[in-house]
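First the structure, in the form of structure tokens, and then the observations on it.
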Amino acid sequence: MIYSLCFILFIIGLYGATCKKNIVKIILGLLIMEYSVNLFLILLGWRKNGVAPIIDSQTDMKTFVAHSVDPLPQALVLTSIVIGLGVLSLMVAISIRLYQRYGTFDITEMKKLKH
Amino acid sequence: MSDISLFIALPIGMAFFIPIVSRNIKWFPDIAGNFTTFVLMLLSLLTINQEIVYNVGNWKPPFGIVLVLDGFSCLVLIIVNLIGFFSTLFSVEYIEKMFTSKLRYYSLFLLMLAGMNGVVLTGDLFNLFVFLEIASVASYALVGFGCEARELEASFKYLVMSSIASTFILLAVALIYGRFGTLNMAHVSLMVQKYGMDNVIKFSAVLLFCGLAVKAALVPFHAWLPDAHPSAPAPISAMLSGVVIKALGVYVIARITYNIFEMDTMISSMFIILGIVSMMIGVLMALGQWDFKRLLAYHSISQMGYIILGLGLGTPLGILGGIFHLFNHSLFKSLLFLNSGSVEYETGTRNLEKLGCLSRRMPVTSFSSLVASLSISGIPPFNGFWSKLIIILAAIQAGRPFSALWAVIGSILTLASFTKVQRYVFFGHGKHFKLESLPQIKEVPNLMQMSMILLAILCTVTGVLALGGPNGIFGPVIDVLTGGPSAYILKVLGKQ
């Protein structure tokens with residue numbers, strides 16, 4: 001159920017990125033898409049009453065297996081957030097330069113490329 | 001050559017080292033950039049006929065990240081680093097005159113190279129996504145490197161489409177992880193064999209394919225390519241058209257369809273249809289273009305169609321044709337983009353109507369572009385002829401004569417389009433050509449000439465590589481792809 005909500009968020013982001021005319025809205029759409037995937041990844045590792053997956057001398061293996069969460073998705077999300085930050089900063093930089101050149105954020109006004 | 005992690009570590013290290021050191025030393029980026037790509041090229045040539053599985057951090061395969069070097073990745077690695085070296089050789093004088101910031105250029109270039117080497121070598125799905133993004137982000141920045149209105153527009157278009165594709169790939173990786181709890185490609189493949197393709201895996205395969213098809217610019221997903229490739233600086237166009245769409249697109253598609261999920265008739269006919277559509281639409285759009293680089297960009301789409309057609313046939317001969325064409329296309333397309341860069345370097349325009357009569361003033365550029373044009377149009381004895389011949393023969397042998405017919409028609413249209421280029425740029429002249437501008441034009445500087453001459457020689461001699469049939473360098477590639485998932489699993493994970 002909660003996964004399908006993630007997917008709906010993904011579709012909303014896809015709609016924003018593909019159908020909107022304003023550059024800022026396109027960037028927001030891309031961000032929503034990315035964050036929905038991050039949310040999905042983090043939900044994969046979620047567990048009710050989970051404990052941190054650290055083994056020390058007092059840990060009982062049975063309760064550890066029954067309760068510890070999967071740490072890998074958290075590492076993946078961390079990496080993916082950093083990559084997303086890089087792409088976002090490049091996108092914003094390019095859109096500022098585009099605004100300086102064209103004086104607008106509307107992509108339908110930007111048609112200097114020949115078709 | 002056993003330490004294959006150098007292919008990733010060396011360019012990433014140099015990419016961050018160059019901007020630190022060269023703030024005050026003007027000549028350093030050139031030397032360091034060229035030295036790095038030269039070393040990488042030599043290292044890649046040393047990997048021929050080797051099979052290495054390298055465990056990063058010494059974690060055993062299903063848990064840690066593995067780097068896998070086999071016949072297929074070896075071939076693509078050689079292509080990436082060879083074209084990378086020729087492009088940096090060309091950049092020394094080109095970037096000096098046309099652009100301002102050399103240290104940022106080389107830094108981004110080496111990051112892109114590191115990303116592609118990583119994509120080719122990795123055996124882990126999430127790691128594949130990370131390297132894909134490193135290479136893509138560097139290439140977005142390089143497409144917009146000139147910071148003029150058009151370049152920024154093309155760069156933004158490329159960025160948006162490619163980011164959506166990357167998100168699709170990430171979602172697919174997340175779904176596969178959620179289903180099987182593993183990210184190792186060989187282990188995923190083992191799980192697919194054990195549990196079969198259920199709906200989640202089918203959905204993620206479709207997402208992966210759509211994402212990678214955007215990176216490879218197959219026709220329904222191609223809209224960014226004709227804008228992005230002409231807007232970049234010429235050596236970067238050579239890298240983008242010659243290598244990036246292959247290493248990020250076709251290589252990963254082939255690896256996933258042949259080695260992770262099994263190749264079946266449905267995927268095969270999908271590849272063939274996509275191949276024929278890309279082949280025809282690319283070449284038909286190219287015929288009407290008057291911008292030199294834009295015309296070449298449309299031809300990239302068309303030639304990618306040949307490669308996908310060859311791979312889609314699925315027979316050993318078809319795979320040989322596809323892989324051989326992949327190799328040849330990277331040589332002659334990067335040569336053609338370097339030629340267009342030289343023409344722009346001397347005349348300041350790339351509009352075919354404003355150019356003319358350059359064969360007398362620029363003999364080296366003119367002759368090497370003639371070699372490349374004959375190669376891409378499939379005239380013997382140049383390399384393009386042999387690979388197209390193998391693809392056409394394979395299509396007939398596989399019982400698909402109509403695909404063969406379309407391939408022949410595409411090749412004839414390619415010849416027509418390159419006759420136009422040669423006539424307007426080098427031998428005849430266009431409508432708006434001014435004769436009085438001609439005496440100031442001279443041949444481009446030495447290093448630019450050298451990289452074009454070396455590529456032209458390679459275009460002529462590599463035709464013999466496939467003469468002995470699928471032996472030598474292409475034999476291991478065919479073994480990897482026809483071996484299917486079981487051979488790949490055996491190589492990475494050992495006996496189960």
**Message:** Looking only at residues that are surrounded by fewer than 21 Cβ atoms within 10 Å (Cβ to Cβ) and touching a helix residue (DSSP H, G or I) at 6+ places or on another chain (Cβ under 7 Å) in the range B:62-73, which one is farthest from residue B:483 (Cα to Cα)?
**Reply:** B:64
**Request:** Go through (1) over 21 Å from residue B:296 (Cβ atoms); (2) surrounded by 18 or more Cβ atoms within 10 Å (Cβ to Cβ) one by one and return the number of the condition residue B:402 breaks.
**Result:** (2)
**Request:** May I ask you to say which residue of B:369, B:375, B:387, B:340 is assigned to a helix (DSSP H, G or I) and within 20 Å of residue B:226 (Cα to Cα)?
**Result:** B:340
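Residues are listed down the side, and each one gets a yes or a no for (1) more than 10 Å from chain A (Cβ to nearest Cβ); (2) buried (at least 24 other Cβ atoms within 10 Å of the Cβ); (3) among the aliphatic types (A, V, I, L, M):
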site	(1), (2), (3)
B:142	yes, yes, yes
B:190	yes, no, yes
B:213	yes, no, yes
B:221	yes, no, no
**Message:** Please go through the range A:13-30 and give me each residue that is surrounded by fewer than 18 Cβ atoms within 10 Å (Cβ to Cβ) and assigned to a helix (DSSP H, G or I), ordered by number.
**Reply:** A:15, A:18, A:19, A:24, A:25, A:28
**Residues that are facing chain A (nearest Cβ under 7 Å) and among the basic types (Lys, Arg), drawn from the range B:146-157** = B:150
**Item:** Residues of the range B:64-110 satisfying the condition of being touching a strand residue (DSSP E or B) at 6+ places or on another chain (Cβ under 8 Å) and touching a residue at least 24 places away in the same chain (Cβ under 8 Å)
**Value:** B:65, B:66, B:67, B:68, B:69, B:77
**Asked** On the given criteria, is residue B:195 aromatic (Phe, Trp, Tyr) and buried (at least 22 other Cβ atoms within 10 Å of the Cβ)?
**Response** no
**For residue B:200: the one exception among (1) surrounded by 21 or more Cβ atoms within 10 Å (Cβ to Cβ); (2) more than 10 Å from every other protein chain (Cβ to nearest Cβ)** = (1)
**Request:** Sort out which residues of the range A:97-115 are surrounded by 12 or more Cβ atoms within 10 Å (Cβ to Cβ) and either aliphatic (A, V, I, L, M) or in a loop (DSSP other than H, G, I, E, B) (or both), and write them in order of number.
**Result:** A:98, A:104, A:105, A:107, A:110, A:112, A:113, A:114
**Fill in**
By residue number, the members of the range A:31-60 that are surrounded by fewer than 13 Cβ atoms within 10 Å (Cβ to Cβ) and among the aromatic types (Phe, Trp, Tyr) are A:46
**The one condition in (1) assigned to a helix (DSSP H, G or I); (2) within 28 Å of residue B:103 (Cβ to Cβ) that residue B:74 fails to fulfil** = (2)
**Message:** Looking at the range B:346-355, can you tell me whether even one residue there is at pLDDT below 90, touching a Lys or Arg at 6+ places or on another chain (Cβ under 8 Å) and not in a helix (DSSP H, G or I)?
**Reply:** yes
**Prompt:** Within the bounds of the range B:39-48, is there any residue that is surrounded by fewer than 18 Cβ atoms within 10 Å (Cβ to Cβ), in contact (Cβ under 8 Å) with a residue 40 or more places away in the chain and in contact with a Ser or Thr (Cβ under 9 Å, 6 or more places away or on another chain)?
**Reply:** no
**Item:** Single match in A:13, A:45 (criterion: more than 17 Å from residue A:74 (Cβ to Cβ) and within 11 Å of chain B (Cβ to nearest Cβ))
**Value:** A:13
**Request:** Restricting attention to the range B:232-264, report how many residues are surrounded by fewer than 24 Cβ atoms within 10 Å (Cβ to Cβ) and not in a helix (DSSP H, G or I).
**Result:** 4
**Prompt:** Can you name the residue in the range B:158-177 that is farther than 23 Å from residue B:67 by Cα, facing another protein chain (nearest Cβ under 10 Å) and small (Gly, Ala, Ser) and, of all such residues, is surrounded by the most Cβ atoms within 10 Å (Cβ to Cβ)?
**Reply:** B:163
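The values are calculated or read from the model by the stated rules, or taken from the named source; none is laboratory data. All of these numbers come straight from a predicted model, not from anything done at the bench. Cβ sites come from the backbone with ideal geometry, for glycine too, and all protein chains shown count toward neighbours.
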